[in-house]
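The values are calculated or read from the model by the stated rules, or taken from the named source; none is laboratory data. Since the structure is predicted, the reported quantities are computational estimates derived from the model, not experimental observations. Every residue, glycine among them, receives a Cβ derived from its backbone with ideal geometry; neighbour counts consider all protein chains shown.
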Amino acid sequence: MAEMAERAFAGLPAPFRKMAGEVVFRVDDFPADDVLDELNIEDPFGLTGLYSGVSLADRSVFGDAPEPSRVFLYRRPILDEWAENGEVTLEELVTHVLVHEIGHHFGLSDGDIDLIEAGA
């Protein structure tokens, strides 16, 4: 799955990759319990990805240096969604989740991302 995410990122247009900067990508089996608690998600299969960090829209040259931005992909929930969906390949789903989380890095909300996807 990490290789799929790397291919997905490499396939993005160069300006988007450049804007993303030094985002760290990580694949875990499931989100940590404290992450689920913070997001009020009871089912660990309910979260396929997460952006952690200060979005580009919220950064300031006057603020503290932000911790590295990270995109988490959660293997088991992604596999479960893929198995249930059947309409997309696993690579397409991994790409979708990765791009969604990079959208949060750019400062986009879920609603913003949904509107962009609907227009694509």
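Going by the structure shown, is Leu115 modelled with pLDDT under 80, of a type outside the set (Val, Ile, Thr) and within 17 Å of Pro13 (Cβ to Cβ)? So Leu115 does not fit the description; no.
Can Pro68 be described as surrounded by fewer than 16 Cβ atoms within 10 Å (Cβ to Cβ), part of a helix (DSSP H, G or I) and either among the polar types (S, T, N, Q) or modelled with pLDDT under 95 (or both)? When the stated conditions are applied, Pro68 does not pass them. The single residue among Ala20, Ala8 that is modelled with pLDDT of 80 or more, surrounded by 13 or more Cβ atoms within 10 Å (Cβ to Cβ) and closer than 15 Å to His96 by Cα turns out to be Ala8.
Taking the criterion of being touching a strand residue (DSSP E or B) at 6+ places or on another chain (Cβ under 7 Å), over 23 Å from Thr89 (Cβ atoms) and at pLDDT 90 or above, the residues of the stretch 23-39 that qualify are Pro31, Val35. Select from the stretch 28-56 the residues that are β-branched (Val, Ile, Thr) and closer than 13 Å to Glu101 by Cα and list them in ascending order. Result: Thr48, Val54. You will find that of Gly49, Gly53, the residue that is small (Gly, Ala, Ser), surrounded by 10 or more Cβ atoms within 10 Å (Cβ to Cβ) and modelled with pLDDT of 85 or more is Gly49 and no other.
When we screen Val23, Val35 for residues that are touching a residue at least 60 places away in the same chain (Cβ under 8 Å) and either closer than 11 Å to Leu73 by Cα or β-branched (Val, Ile, Thr) (or both), the only hit is Val23.
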